[in-house]
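Comments concern the structure below.
The values are calculated or read from the model by the stated rules, or taken from the named source; none is laboratory data. Computed from a predicted structure; not experimentally measured. All Cβ positions, even for glycine, are placed from backbone atoms using ideal geometry, and neighbour counts span all protein chains on display. These accessible areas exclude ligands, DNA and RNA; they are computed on the full protein's heavy atoms, side chains included. Shrake-Rupley method; radii C 1.70, N 1.55, O 1.52, S 1.80 Å.
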Amino acid sequence: MSDRLKGKRAFVTAAAVGIGRACAVAFAREGATVFATDIDEAKLAALKNEGVAEIAKLDVRDSAAVAAVARRAGRADILLNAAGFVHHGTVLECSDEDWNFSFDLNVKSMHRTIKAFLPAMLEAGHGSIVNISSAAGVFKAAPNRYVYGATKAAVAALTRSVATDFITKGVRCNCICPGTIETPSMLQRAATAGPGGRDMFVARQPMGRLGTAEEIASLAVYLASDESSFTTGVAHIIDGGWTL
Ligand code: NAD
């Protein structure tokens, strides 16, 4: 621990596993008081052993629940939005329901949390919002990622809008665009591709390996901290060279 986030309060969504979890743990290790949320209460509970101060069940698709948990959490200096779902398919496999679900979970969830936490950030005169977008959709088109790519591009646009609107108020907003990161849902996607599924994902990686959630968390710590104080509105790619 090097106290890079000492004295800061952080709120994290989708923190039970994967990138959200790694960010919550890294923030706590760097001295932040972390409020971690997810729909999976059982997995969230383990975060109590990782220095996370508070946990709460939160479905980011529920506007009233987001507003209520934000009131409970109080002021946050850092908001990390990690919730997201990968729909598999082209435009032809994307029903209206699939489209609405993906945009609700991947994009509108961020609209909800930002709306809930921004007023107190503005009052405090500072804040750092970090949204998890994706290299797919923002920097590269990936096959069968039709609506997923569209949602992640929307996240990058939403990020720039928030950054621009509050640039003089001390609030920064950046997004992270990971490549292929080894997380529970990523491994599930690999498994559904058949026996050699994981190897197939590894084969398209120039570094010959998948990324780790901790590597994404390192960038999130930088963006959350005052070390990145001159950086806002940027889509930060971290993909092991996938888009080179
Ligand atoms: P994951 O998909 O393995 O886990 C997601 C977490 O989100 C789970 O804990 C789940 O319970 C939670 N969740 C699902 N629906 C929710 C809801 N309605 N409200 C609150 N929480 C909910 O995690 P991951 O792969 O680390 O993905 C995290 C983010 O990173 C997502 O936005 C994803 O799109 C993005 N991302 C992931 C990769 C990758 O390769 N893993 C690459 C680029 C971007």
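Figures for the structure shown
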quantity	calculated
Selection from region 51-100 of residues that are free of Cβ contacts under 8 Å to residues at least 12 places away in the same chain and near the ligand (Cβ under 10 Å from one of its atoms)	62, 65
Which listed residue is under 26 Å from residue 152 (Cβ atoms), more than 14 Å from the ligand (Cβ to nearest atom) and either open to solvent by less than 10 Å² (accessible area, probe 1.4 Å) or modelled with pLDDT under 95 (or both), from 10, 16	10
Qualifying residue in region 125-132 (condition: within 11 Å of the ligand (Cβ to nearest atom), of a type in the set (A, V, I, L, M, F, W, C) and in contact with an Asp or Glu (Cβ under 6 Å, 6 or more places away or on another chain))	no
Any hit, region 201-218, residues being more than 12 Å from the ligand (Cβ to nearest atom), of a type outside the set (Asp, Glu) and either within 13 Å of the chain's Cα centre (by Cα) or closer than 17 Å to residue 130 by Cα (or both)	yes
Sole exception among (1) more than 20 Å from residue 216 (Cβ to Cβ); (2) surrounded by 22 or more Cβ atoms within 10 Å (Cβ to Cβ); (3) within 10 Å of the ligand (Cβ to nearest atom) for residue 147, by number	(3)
Pair list, Cβ < 9 Å and 6+ apart or interchain, from region 218-229 residues that are within 14 Å of residue 10 (Cβ to Cβ) to residues that are polar (S, T, N, Q)	222/228; 222/231; 223/128; 223/174; 223/231; 224/128; 225/128; 226/128
Close pairs (6 angstrom Cβ cut-off, 6 or more residues apart or separate chains): polar (S, T, N, Q) in region 133-144, within 11 Å of the ligand (Cβ to nearest atom) and modelled with pLDDT of 95 or more anywhere	133/152; 133/155; 133/175; 133/177; 134/152; 134/177
Complete set of residues in region 160-196 that are within 13 Å of the ligand (Cβ to nearest atom) and open to solvent by less than 40 Å² (accessible area, probe 1.4 Å)	175, 176, 177, 178, 179, 180, 181, 183, 186, 190
Cβ-Cβ under 8 Å pairs, at least 6 apart or on other chains, region 101-126 side on the phi < 0 side of the Ramachandran plot and open to solvent by less than 40 Å² (accessible area, probe 1.4 Å), far side in a helix (DSSP H, G or I) and of a type in the set (Ser, Thr, Tyr)	102/148; 102/151; 106/148; 106/151; 107/151; 112/63
Scope region 29-42; condition closer than 22 Å to residue 110 by Cα and either open to solvent by 70 Å² or more (accessible area, probe 1.4 Å) or away from the ligand (no atom under 16 Å from the Cβ) (or both); matching residues	32, 33, 39, 41
